[in-house]
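Notes for the one structure printed next.
The values are calculated or read from the model by the stated rules, or taken from the named source; none is laboratory data. Just so you know, these numbers come straight off a predicted model, no measurement behind them. Cβ atoms come from the backbone with ideal geometry, glycine included; neighbour counts cover every protein chain shown. These accessible areas exclude ligands, DNA and RNA; they are computed on the full protein's heavy atoms, side chains included. Shrake-Rupley method; radii C 1.70, N 1.55, O 1.52, S 1.80 Å.
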Amino acid sequence: QVELVESGGGLVQPGGSLRLSCAASRSILTSDTMGWYRQAPGKQRELVASITKSGTTNYGDSVKGRFTISGDNAENRWYLQMNSLKVEDTAVYYCNLANRWLKNNYWGQGTQVTVSS
């Protein structure tokens, strides 16, 4: 089993920034996708951002222009830089490591991000 460990959540004011980090217990493979998802109260889980090993990124519409995903393949780690945070960004954020060929789908434990004045 692969373990993902998250860090970086917390309480911030609207307009503030946070950086989330996720570390995997195995190497990042060629076909892996690293991602961040979130689930806000009363809402379904949604994709925030994803990145492939080669660097291709994808963002949810609500975070485009504000959040940036990046990866460090050598360290089996990826990040979510969150800027210009809004109250509606409040959610539990989960990192994800998926591989379509291996049918892997691993999740971190979740980290709470609260945006409030």
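Taken over region 97-117, the residue count meeting the criterion of being open to solvent by less than 30 Å² (accessible area, probe 1.4 Å), under 17 Å from THR52 (Cβ atoms) and among the aliphatic types (A, V, I, L, M) is 2.
From the list THR90, THR111, the lone residue that is over 22 Å from GLN1 (Cβ atoms) and modelled with pLDDT of 95 or more is THR90. Is there a residue being without any contact (Cβ under 8 Å) to a residue 40 or more places away in the chain, open to solvent by less than 20 Å² (accessible area, probe 1.4 Å) and not basic (Lys, Arg) anywhere in region 64-85? Yes.
Would you mind stating whether SER27 is open to solvent by 30 Å² or more (accessible area, probe 1.4 Å) and within 19 Å of ARG100 (Cβ to Cβ)? The answer is yes for SER27. Once region 42-60 is narrowed to residues that are hydroxyl-bearing (Ser, Thr, Tyr) and in a loop (DSSP other than H, G, I, E, B), the residue that is least open to solvent (accessible area, probe 1.4 Å) is THR56.
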